[in-house]
1. Residues of segment 49-67 being open to solvent by 30 Å² or more (accessible area, probe 1.4 Å), in contact with a helix residue (DSSP H, G or I) (Cβ under 8 Å, 6 or more places away or on another chain) and more than 16 Å from Val21 (Cα to Cα), which ones?
2. Assess whether Asp62 counts as being away from the ligand (no atom under 15 Å from the Cβ), in contact with a Pro (Cβ under 8 Å, 6 or more places away or on another chain) and not polar (S, T, N, Q).
3. Take the conditions open to solvent by 40 Å² or more (accessible area, probe 1.4 Å), without any contact (Cβ under 8 Å) to a residue 40 or more places away in the chain and of a type in the set (Gly, Ala, Ser) and apply them to Ser238. Does it pass?
4. What's the number of the condition Ile230 fails, among (1) under 25 Å from Gly120 (Cα atoms); (2) surrounded by fewer than 24 Cβ atoms within 10 Å (Cβ to Cβ)?
5. Consider Asn86 against the criteria (1) open to solvent by 40 Å² or more (accessible area, probe 1.4 Å); (2) within 14 Å of the ligand (Cβ to nearest atom); (3) under 21 Å from Pro123 (Cα atoms): it satisfies all of them except one. Which criterion is unmet?
6. Please work out if Asp255 is among the acidic types (Asp, Glu), crowded, with 17+ Cβ neighbours inside 10 Å and under 22 Å from Leu148 (Cα atoms).
7. Have a look at Leu198, Leu148, Leu137 and point out the one that is more than 16 Å from the ligand (Cβ to nearest atom), at pLDDT 95 or above and under 17 Å from the mean Cα position of the chain (by Cα).
8. Report the residue count in segment 2-49 for those that are on the phi > 0 side of the Ramachandran plot and away from the ligand (no atom under 16 Å from the Cβ).
Amino acid sequence: MNIIDGKKVSSFLKEKISIEVNQRKNEGKKIPHLAAILVGNDGGSETYVAAKVKACAEVGFDSTLIRLPESISEKELLLKINELNNNAEIDGFIVQLPLPKHISEQKVIESILPEKDVDGFHPTNVGRMALNLPTYLPATPFGIVKLLEEYKIETSGKHCVVIGRSHIVGSPISILLARASYPGNCTVTLCHSKTKDLKEFTTKADIIISAIGKPHFITADMIKQGAVVIDVGITRVSSTETKSGFKLAGDVKYDEVAPKCSFITPVPGGVGPMTIASLLQNTLLAAKESIYKKNSKVICA
Ligand code: GUN
């Protein structure tokens with residue numbers, strides 16, 4: 001059994017990004033600048049956004065954190081997004097999800113200029129991903145693909161079972177792994193809350209990607225000997241062992257599942273750190289204008 005060390009791979013990727021930022025500085029080019037909008041005070045979102053801002057500093061990016069109250073109206077949030085769309089200093093930005101119930105996430109996502117959508121959530125970028133065109137890949141699926149690549153895990157012809165069909169992880173990773181490329185060429189089955197007899201699928205899977213946010217849901221009896229298990233779950237569960245009063249739990253019952261696997265990601269230290277490194281990578285691409293040329297008529301139409 002091999003543990004996939006997302007912390008190590010993400011450090012390596014961040015190191016590569018910081019070298020490129022230094023080069024840009026020396027050449028007098030623009031320093032990549034990521035902005036993050038955080039609405040309200042959700043504990044999980046606070047932690048994630050703080051980690052994103054910290055990672056920007058680590059690689060030498062500029063960053064701006066915009067905190068808005070839970071009570072902000074949808075209209076006011078859309079105005080803020082419009083400001084960022086038109087601010088040439090900001091290369092890319094994210095609106096941390098989930099948003100309060102009175103705000104339409106879809107409207108918000110669609111109001112972000114695709115060229116600045118470093119989360120890769122805008123329908124234009126999702127469509128480009130599905131068509132295998134250059135785009136910003138959503139950070140978590142991008143991170144998973146990088147891990148498979150880094151550990152040279154064979155994917156061609158493998159049966160990959162994805163559990164969870166969210167727009168952030170399950171749906172995009174199922175598209176990416178079915179693409180005619182490496183990592184890819186998988187036969188993908190996308191399971192979700194309405195799937196009957198999940199175990200019937202998971203026990204036949206060469207690769208399992210679990211993104212459901214149910215702590216310790218995947219047990220050893222659901223896994224084929226030698227499977228690759230990628231655990232995307234990061235649920236906060238209360239704990240008396242930590243100062244904060246909680247710890248992070250994956251979807252997978254790690255202790256019993258790991259011995260059956262050829263490769264497995266731990267939680268924490270697996271997919272999580274890769275998500276942040278991928279967001280940085282997308283922001284660097286945005287600063288380099290390597291996917292969209294700024295002010296291109298095509299994307300502004
Ligand atoms: N909430 C959970 N994951 C993400 C993410 O990757 N981006 C944003 N914006 N919100 C999230």
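The values are calculated or read from the model by the stated rules, or taken from the named source; none is laboratory data. This is a predicted model, so every value here is computed, not measured. Heads up, the Cβs are rebuilt from the backbone with ideal geometry, glycines too, and the neighbour counts pull from every protein chain shown. For accessibility, only protein heavy atoms count, side chains too; no ligands or nucleic acids. Shrake-Rupley method; radii C 1.70, N 1.55, O 1.52, S 1.80 Å.
1. Within segment 49-67, Ala51, Leu65 qualify.
2. So Asp62 passes the test.
3. Details: open to solvent by 40 Å² or more (accessible area, probe 1.4 Å): yes; without any contact (Cβ under 8 Å) to a residue 40 or more places away in the chain: yes; of a type in the set (Gly, Ala, Ser): yes.
For Ser238, the condition - open to solvent by 40 Å² or more (accessible area, probe 1.4 Å), without any contact (Cβ under 8 Å) to a residue 40 or more places away in the chain and of a type in the set (Gly, Ala, Ser) - is met.
4. Only one criterion is unmet by Ile230, namely (2).
5. (2)
6. no
7. Matching residue, one of Leu198, Leu148, Leu137: Leu148.
8. Looking only at that region, the number is 1.
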